[in-house]
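Worksheet: one structure, shown below.
The values are calculated or read from the model by the stated rules, or taken from the named source; none is laboratory data. The model shown is predicted, which means the values in this text are computed figures rather than measured ones. Positions of Cβ are backbone-derived with ideal geometry, glycine not excepted, and every protein chain shown enters the neighbour counts. The protein model used for the area step is the full one, side chains on, heavy atoms only, and it has no ligands, DNA or RNA in it. Shrake-Rupley method; radii C 1.70, N 1.55, O 1.52, S 1.80 Å.
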Amino acid sequence: MTKSRIHSTAIISPEAQLGSDVEVGPFAIIGENCVVGDGCVISPRATLERNVTLAANVKVGIGSVLGGLPQDLKFAGEETTVEIGEGTVIREYTTINRGTAQSFKTSVGKNCLLMSYVHLGHDCHIGNNVILSNVVQLAGHVTIEDRAIISGLSAAHQFVRIGRQSFIGGCSRVSKDIPPFLKAVGNPVKLYGLNTVGLQRSGMDEATIRELKRAYRLLFRSDLNISQAMEQVQNDLEPLPEVRELVRFVEGSERGVVI
């Protein structure tokens, strides 16, 4: 621990563990059983309440609160955690609650960006390279897969699942699952085709994008029922991993998918 970068007004539990080259700002609080990885920055007045693990090079913004009690009446004091992956940036006044006995943790993956005033409820699980814009609010048990982007002032209902490389526009109310590779917006939210720009920026080839567009039209914009559409997708389209992923997501949805 480099003591010269720990402000004299910071409060650090003797049960916390700090790695090397950690910076802790004025009036920050690091509670019991917290682990702060090498190169992390805890900004002024940020709080890690307890049972928070930060991998290397995580940045926690001013006034953010990580590891607070889950807002769940069923919570009975179980030892649960918050886990944040390497390189993730958490901006000002974000709140991330601990998990409950359902999964025992709330987790955020690597290289994510959580902008100001984001809230992650208990048992949320966020993949890698996810962007949550200002004031995104996630209820408990929400799952967001890798490289998804949620625009500002959007909210997700509990147990919603948001698929890989999807894009959700601003001020959206997400009450059902958003399949991977698609874009959606609205209150209530509706699908608006493939997230073509995002897929191209990620390096996806045009042949795969073309097959995904065909799958989207069959699954969500044809007169076929979902079983017929899935059968046609499997029979008529190239069996690409991304197409199979889209079909599996729709088949496995418990809340139902947005259309």
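Yes or no, residue by residue, for (1) small (G, A, S); (2) part of a strand (DSSP E or B); (3) open to solvent by less than 40 Å² (accessible area, probe 1.4 Å):
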{"residue": "V82", "(1), (2), (3)": "no, yes, yes"}
{"residue": "I96", "(1), (2), (3)": "no, yes, yes"}
{"residue": "K110", "(1), (2), (3)": "no, no, no"}
{"residue": "H122", "(1), (2), (3)": "no, no, yes"}
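For P188, only one of the following conditions fails: (1) open to solvent by less than 20 Å² (accessible area, probe 1.4 Å); (2) within 21 Å of H141 (Cα to Cα). What is its number?
(1)
Taking the stated definitions as given, is K183 open to solvent by 40 Å² or more (accessible area, probe 1.4 Å), at pLDDT 95 or above and touching a Phe, Trp or Tyr at 6+ places or on another chain (Cβ under 6 Å)?
Values: open to solvent by 40 Å² or more (accessible area, probe 1.4 Å): yes; at pLDDT 95 or above: yes; touching a Phe, Trp or Tyr at 6+ places or on another chain (Cβ under 6 Å): yes.
Criteria met by K183.
Report the residue count in the stretch 188-220 for those that are modelled with pLDDT of 95 or more, over 15 Å from R164 (Cβ atoms) and in a loop (DSSP other than H, G, I, E, B).
Total satisfying the criteria: 1.
Take G67 and decide whether it is closer than 22 Å to F27 by Cβ, outside any strand (DSSP E or B), open to solvent by less than 50 Å² (accessible area, probe 1.4 Å) and among the small types (G, A, S).
On the way: closer than 22 Å to F27 by Cβ: yes; outside any strand (DSSP E or B): no; open to solvent by less than 50 Å² (accessible area, probe 1.4 Å): yes; among the small types (G, A, S): yes.
Criteria not met by G67.
Is there any pair with a first residue in the stretch 235-254 that is at negative phi and outside any helix (DSSP H, G or I) and a second that is open to solvent by less than 40 Å² (accessible area, probe 1.4 Å) and of a type in the set (G, A, S) whose Cβ atoms are under 7 Å apart and which are 6 or more apart or on different chains, and what are they?
L237/A215
Here are the criteria: (1) under 11 Å from the mean Cα position of the chain (by Cα); (2) surrounded by fewer than 24 Cβ atoms within 10 Å (Cβ to Cβ); (3) free of Cβ contacts under 8 Å to residues at least 60 places away in the same chain. Tell me which single one I126 does not satisfy.
Failed condition: (2).
Can you find a residue that is of a type in the set (D, E, K, R), assigned to a loop (DSSP other than H, G, I, E, B), farther than 22 Å from V118 by Cβ and open to solvent by 10 Å² or more (accessible area, probe 1.4 Å) anywhere in the stretch 43-61? Lay out the reasoning, then the answer.
The initial filter retains those residues of the stretch 43-61 that are of a type in the set (D, E, K, R), namely 45, 49-50, 59.
Imposing the further condition that a residue be assigned to a loop (DSSP other than H, G, I, E, B) reduces the set to 45, 49-50.
Now narrow it down to the ones that are farther than 22 Å from V118 by Cβ: none.
No, the stretch 43-61 contains no residue that is of a type in the set (D, E, K, R), assigned to a loop (DSSP other than H, G, I, E, B), farther than 22 Å from V118 by Cβ and open to solvent by 10 Å² or more (accessible area, probe 1.4 Å).
K213 fails exactly one of the following numbered conditions: (1) farther than 22 Å from N134 by Cα; (2) under 18 Å from the mean Cα position of the chain (by Cα). What is the number of that condition?
In the conditions (1) farther than 22 Å from N134 by Cα; (2) under 18 Å from the mean Cα position of the chain (by Cα), K213 misses (2) alone.
Counting only residues that are out of contact with any Leu (no Cβ under 8 Å at 6 or more places or on another chain) and more than 16 Å from A184 (Cβ to Cβ), which one in the stretch 218-229 is most open to solvent (accessible area, probe 1.4 Å)? Walk me through it before giving the result.
Narrowing the stretch 218-229 to residues out of contact with any Leu (no Cβ under 8 Å at 6 or more places or on another chain): 221-223, 225, 227-228.
Narrowing the set further to residues that are more than 16 Å from A184 (Cβ to Cβ) leaves 222-223, 225, 227-228.
Working: S222: 44, D223: 163, N225: 79, S227: 81, Q228: 90 Å².
Step by step, filter the stretch 218-229, then rank; the result is D223.
Which condition number does G152 fail, the rest of (1) in a loop (DSSP other than H, G, I, E, B); (2) crowded, with 20+ Cβ neighbours inside 10 Å being met?
It fails just one condition, (2).
Based on what the data block shows, is A101 open to solvent by less than 20 Å² (accessible area, probe 1.4 Å), of a type in the set (A, V, I, L, M) and over 18 Å from V22 (Cα atoms)?
no
So, L212, is that one in contact with an Asp or Glu (Cβ under 7 Å, 6 or more places away or on another chain) and free of Cβ contacts under 8 Å to residues at least 40 places away in the same chain or not? Even if it seems obvious, please write down each step before you answer.
Numbers: in contact with an Asp or Glu (Cβ under 7 Å, 6 or more places away or on another chain): yes; free of Cβ contacts under 8 Å to residues at least 40 places away in the same chain: yes.
So L212 fits the description; yes.
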